[in-house]
Amino acid sequence: MKRFTARLVFVMLVATVVSGFAAHAQAANLLTNPGFEQPFATLSGTPPRQVAQGWTPWHVGGGASASENVQPEYYPASDVTNGLGVPRIRSGNDAQQYHTFYATHDGGVYQRVTGITTGTQLRFSAYVYVWSSSYDDVNLSELPGGVVVQVGIDPTGGTSGVSPTIIWSQPVIQYDAYNEYSVTATASGTAVTVFVRTVVTEPVKSTNIYVDDASLTAVGAPTATPTNTLPPPTATNTLPPTSTPQVVPTATAIVPPTAAPLPTSVPIPTATQEIIIPTATPITPVPTATVPVDSAFPGTVIHTVRSGETVGQLATLYGSSVDAIIQANGLSQSAFIRVGQVLAVPVRVPNPVPPPPTATPVVISVPSEPIPGAPVVNGSIVYMVQPGDTLFRIALRFSTTVSTLARLNGIVNPNLIFAGQPLFVPVTVYPLPIPPPAPATYIVQPGDTLFRVALRFRVSMAALIQANGILDPNRIFVGQALFIP
């Protein structure tokens, strides 16, 4: 009987200790609103950003075109009107959603946490769902935009997403499921900042990001009580990750380059799939509104609003601006538009004009190696866009300009051309094939990373590492000369 009593007391003691540890683990999350629950605050931006309380949006701007490094649109995941239309929530009642349309972005959300004991080792994790597609199946990422996901900790408590003090997780590309990303770092002061970051490398039709169930816990020395003024939500994170990684690049943290990279083309649709691009039609006059004269937007096209579209998306698609569309159509400052509404969209190229007619065919001097199958129409070559082409490179090859090609072919967004698309190209002689560029040397600029240099010159990181004998791809230095293979 004494033995039984002693065992019973021992079991009860163990149960008490275990439950105490469980209660401690449940309370160990140092974040405010780790589940991205309501309320959502409306913050400044174009369009205004709706972000879960306790979190702050961030992005890197300064793109070379209207579709590069744009501000994502931020909404609650439960918002099926302004968002994708699919409320992807991992647990609780809501999550954070942000997306871009025919554009790239580099950004996400962050939160600064104070009351940390210096020297504490911390682990930050978050679940992120990525859907990126050139098509419209919301459950499948088809021809995605190469979306890289990372989470990071700035042990100094800084709030810049491009700070060199941020410790980033390995960059990972995976789609169509909530997946956990984590990183560990040691606090160098009494405050740290945690970041969720996504980088879209190709401007495909739609890229939607969902973030839920974030956690910041001490895994080393104990921490002081956080001084965040907002109480954490009562929801707990209970669901496991729903998929395994598909691709794990070996690149380091991505920092925006200091020089504008060459424009890139949109991934090519396959023969069995169809991508819908709005048809640009010149208008004279514009219905329901008088378009103001603006030298920045000399052309105008008609667009009929489809479900889920916003003025911000249309501005990005056509290389226009939200203010120009609002002014041209007499919209309110809220930029509210309706499905089926006809909008006049100011664009940066003049209204398209056909190639000038000629009475007789123009005689064109043909070199020894002409372009196979390139017909001549009214003094212009009809050139079929090839995989990997951009309007910028075609203009270089034929000694013309992007604006000329855009005007002749009715292109309102010079960043969107597709393989197999016929283009009128004004020439006097057939161009000779462009020889491959000679090996180049690049001098590392402030903010460069090896991954960004590889993207800029369209070479692999492995090739850069091998060509330059680099031992640690995370360490390159300002002024360092890199051989570009």
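Here are the numbers for this structure:
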read-out: Highest average packing first - 209-219, 475-485, Cβ atoms within 10 Å; value: 209-219, 475-485
read-out: Net lengthening on full extension, residue 470/residue 182 (0.36 nm per residue, minus Cα-Cα); value: 101.0 nm
read-out: Calculated FRET efficiency for the pair residue 382/residue 156, C-beta based, R₀ 41 Å, to 0.05; value: 0.10
read-out: Order by protection proxy (mean Cβ within 10 Å, highest first), peptides 305-313, 141-149; value: 141-149, 305-313
read-out: Cβ-based exposure ranking for 98, 127, in which fewest neighbours within 10 Å come first; value: 127, 98
read-out: Potential lengthening between residue 64 and residue 218 on full extension [0.36 nm per residue; Cα-Cα distance subtracted]; value: 51.3 nm
read-out: Length released on extending from residue 404 to residue 302, taking residue separation times 0.36 nm less the Cα-Cα span; value: 34.6 nm
read-out: Residue-wise HN-Hα coupling along segment 106-116, computed from phi with Karplus coefficients 6.51, -1.76, 1.60 (Hz; x: Gly, Pro); value: 9, x, x, 9, 9, 8, 9, 10, 10, x, 8
read-out: Label-to-label distance, nm, for residues given as residue 323 and residue 338 (7 Å Cα→Cβ offset); value: 2.8 nm
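Since every read-out is calculated from the coordinates, none of them should be taken as a lab result. Remember, it's a predicted structure, so these values are computed and weren't measured experimentally. Cβ atoms come from the backbone with ideal geometry, glycine included; neighbour counts cover every protein chain shown.
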